[in-house]
1. Give me the extension gain from Asn14 to Arg30: residue separation times 0.36 nm, minus the current Cα-Cα distance, reported in nm with one decimal.
2. Quick one: which residues, 5+ away or cross-chain, put their amide H under 5 Å from the amide H of Asp53? H built at 1.01 Å from N.
3. Can you tell me the order of 31-39, 60-68, 11-19 when each peptide is scored by its average per-residue count of other Cβ atoms within 10 angstrom, highest first?
4. Whole-Hz Karplus ³J(HN,Hα) for the range 9-23, in order, using 6.51 cos²θ - 1.76 cosθ + 1.60 and θ = phi - 60°, x for Gly and Pro?
5. Taking only DSSP H segments of four or more residues, each worth -39500 (n - 2.57), what value at 222 nm results for the chain once the sum is divided by all its residues, to the nearest 500 deg cm²/dmol?
6. What are the ³J(HN,Hα) values, in whole Hz, obtained from phi via the Karplus relation 6.51 cos²θ - 1.76 cosθ + 1.60 with θ = phi - 60°, for each residue of the range 67-72 in sequence order, with x given for Gly and Pro?
7. Residues with amide H under 5 Å of Ser20's amide H, sequence separation 5 or more or different chain, H placed in the peptide plane at 1.01 Å from N; which?
8. Quick one: in the range 69-129, what % of C-alpha pairs are over 16 Å apart?
Amino acid sequence: MRQFDQVLPGGHANTTLTLSFDRRARSRQRVALDDGSEALLVLPRGTVLRGGDVLASAHGGTVRICAAPEPVSTAASDDPATLLRGAYHLGNRHIAVQVGPGWLRYLHDHVLDDMLRGLGLEVGFGELPFEPEAGAYGSAGSHSHEHGAGHSHG
């Protein structure tokens with residue numbers, strides 16, 4: 001069974017692997033590639049794969065990661081203050097959020113939908129790839145979550 005253990009900055013891939021965001025956030029797992037063959041992902045702990053990433057095997061194979069469509073809600077507003085208020089309340093609940101111009105996207109949850117509607121946002125449902133923000137300790141190009149040595153959580 002092929003084992004992929006390296007994330008490349010891009011390039012050509014021999015095949016593809018389509019995964020939900022939850023699966024793209026797991027660093028060690030057995031997967032079925034889109035061509036039907038099985039493989040192992042053995043990546044550094046904390047690795048979060050993004051659609052378009054390319055993984056490499058020590059034995060020469062490559063695979064491109066595709067973000068699977070999944071049930072998401074998209075909350076939108078033309079008013080920046082309303083949109084920021086929605087982002088604040090989602091962040092306060094530690095919800096993974098994808099941010100776009102005039103909208104916020106999160107994994108579908110009818111309770112969150114109702115909350116955001118109550119704040120004045122328009123909320124819609126769809127089956128779309130989900131690419132949330134990396135978070136406070138990562139950057140958009142980062143594939144891992146590392147705490148700096150100079151802070152504490154206490």
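1. Values: separation 16, 0.36 × 16 = 5.76 nm, distance 1.82 nm.
In short, 3.9 nm is gained.
2. Close amide H contacts, sequence-distant or interchain: Ile65.
3. By packing density, highest mean first, the sequence is 60-68, 11-19, 31-39.
4. x, x, x, 6, 10, 6, 8, 10, 9, 9, 9, 5, 4, 4, 6
5. One gets -4500 deg cm²/dmol as the mean residue ellipticity at 222 nm.
6. 7, 6, x, 8, x, 10
7. Residues meeting the amide H criterion: Ala68.
8. Percent of Cα pairs beyond 16 Å in the range 69-129: 32.
Read-outs: derived from the displayed coordinates by stated rules, not from any lab. Computed from a predicted model, the values in this text were never measured in an experiment. Because the Cβ atoms are built from the backbone with ideal geometry, glycine has one as well, and the counts that use them run over all protein chains shown.
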